[in-house]
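Colleague: One structure is given below, represented as structure tokens, and several questions about it will come after.
The values are calculated or read from the model by the stated rules, or taken from the named source; none is laboratory data. Model, not experiment: these values are computed from the prediction. So basically every Cβ, Gly included, is an ideal-geometry build from the backbone, and we count neighbours across all protein chains shown. Areas reflect the complete protein model, heavy atoms only, side chains present, ligands, DNA and RNA absent. Shrake-Rupley method; radii C 1.70, N 1.55, O 1.52, S 1.80 Å.
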Amino acid sequence: QVQLVESGGGLVQTGGSLRLSCAASGFTFSMYTMSWYRQVPGKERELVAVISSGGGSTNYADSVKGRFAISRDNAKNTVALQMNSLRPEDTAVYYCKAARQRVYSYWGQGTQVTVSS
């Protein structure tokens, strides 16, 4: 069955770094666009970063440009989000998403990131 398993979340101080990872299985990973989203209680889930199926194209939310970097390894079926210069407003549950042709999409269970001030 399809699985997306995030890891790497935790508690970090302002200015610190974390690296999130998402391990995928159960589908042809290299055919899917991969994204990271985040959500705080009471707010809609927001797109943080997206990477194309081949890894050649990336896009970021304005709020994280220059601080976060998304990458993928199609040989290992993983996608990562390197988060630097973290701020308290980056505190959220971070989700990994796989999508293809606007028809197929899968979500991970999320990992908590907490940035203390």
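Colleague: Looking at V2, S85, Q101, which one has the Cα that reaches farthest to the positive end of the dipole of the chain (charges on Cβ: Lys, Arg +1; Asp, Glu -1)?
Modeller: Q101
Colleague: For T14 and N59, what is the calculated FRET efficiency with R₀ set at 25 Å and r taken between the beta-carbons, to the nearest 0.05?
Modeller: Efficiency, rounded to the nearest 0.05: 0.50.
Colleague: Just to confirm a number: summing +1 for Lys and Arg and -1 for Asp and Glu over residues other than V79 whose beta-carbon lies under 13 angstrom from that of V79, what do you get?
Modeller: Working: positive: R19, R72, K76, K97; negative: E6, D73.
Once positives and negatives cancel, what remains is +2.
Colleague: For W107 and S25, compute 0.36 nm times the residue count separating them, minus their Cα-Cα distance, and round to one decimal in nm.
Modeller: In short, 28.3 nm is gained.
Colleague: Here's a follow-up. How far is it, in nm, from the label point at R67 to the one at S52 when both lie 7 Å from their Cα along the line to the Cβ?
Modeller: Between R67 and S52, the label points sit 2.7 nm apart.
Colleague: Shifting gears a bit: Largest first, what is the accessible-area ranking of R67, R19 with a 1.4 Å probe?
Modeller: Largest accessible area first, the list is R19, R67.
Colleague: Out of all DSSP beta bridges in the chain, what portion is antiparallel? Express it as a percent rounded to 5.
Modeller: Roughly 90 percent of the DSSP beta bridges within the chain come out antiparallel.
Colleague: Per the Debye formula with a single identical scatterer at each Cα and no solvent contribution, what log10 I(q)/I(0) holds for the chain at q = 0.15 Å⁻¹?
Modeller: Treating every Cα as an identical point scatterer, log10 I(q)/I(0) equals -0.60.
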